[in-house]
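Read through the structure below, which is laid out as structure tokens, and then see the notes.
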Amino acid sequence: MEQVLAGGCACGKTRYQITKKPMFVHCCHCHLCQQQTGSAFILHAFLEPEHFELITGNLTTHAMPAGSGQRHVVKRCSHCATGIISHYGPKDTLSIVKVGTLDHPDLAPPDAHIFINEKLDWVNLPEDVPSFDKFYDFEKAWPAEGYARLLRVRKRN
């Protein structure tokens, strides 16, 4: 059995677990992510919706702009408004967990850095992690197992 990753919000009222290793983790440096997080970047872990389990608390849904122009919905703790998970596109095909909300975010390091053309100058990127000026081609950037899982999820919807 795979290691369960647990996480939660800043106030502690919302707790969740991830029951399968994420398909892929990317670090986004786009200006919108910088604005929405108040930070230099955000880490997103992609997984099938059935592998995200809300243990305690309630989430509220907020529509946010996305650089792609697609629908971007962020679900936040209803008490402290910490962003926990999001969904992109016309269907909630993928769950995208905010890695910073994991109890041990070091267990989900980035597989790629995206929108590095918008990254802050003082952010240094590791040479051994792929980076992209904008977005990436899923088939080329993701490992084979993660990409196969992505295709299975897309086929369901």
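The values are calculated or read from the model by the stated rules, or taken from the named source; none is laboratory data. No experiment lies behind these values; they were computed from the predicted model shown. Here the Cβ positions follow ideal geometry from the backbone for every residue, glycine too, while neighbour counts run over all protein chains shown.
Scanning region 97-133 for residues that are touching a Lys or Arg at 6+ places or on another chain (Cβ under 9 Å) and aromatic (Phe, Trp, Tyr) returns a single hit, PHE115. Selection of strands (runs of 3 or more DSSP E) fully inside region 48-157 by the criterion of at least 2 residues being at pLDDT below 95 and in contact with a His (Cβ under 6 Å, 6 or more places away or on another chain) returns 72-77.
Among residues of region 51-71 that are over 15 Å from ILE96 (Cβ atoms) and touching a residue at least 40 places away in the same chain (Cβ under 8 Å), those with a beta-carbon under 8 Å from a residue that is in a loop (DSSP other than H, G, I, E, B) and basic (Lys, Arg) at least six positions away or on a different chain give the pairs THR56/LYS13; GLY57/LYS13.
The criterion of being among the polar types (S, T, N, Q) and over 14 Å from the mean Cα position of the chain (by Cα) holds for GLN3. Screening ALA144, ALA112 for residues that are more than 16 Å from ILE18 (Cβ to Cβ), among the small types (Gly, Ala, Ser) and buried (at least 18 other Cβ atoms within 10 Å of the Cβ) leaves exactly one candidate, ALA112.
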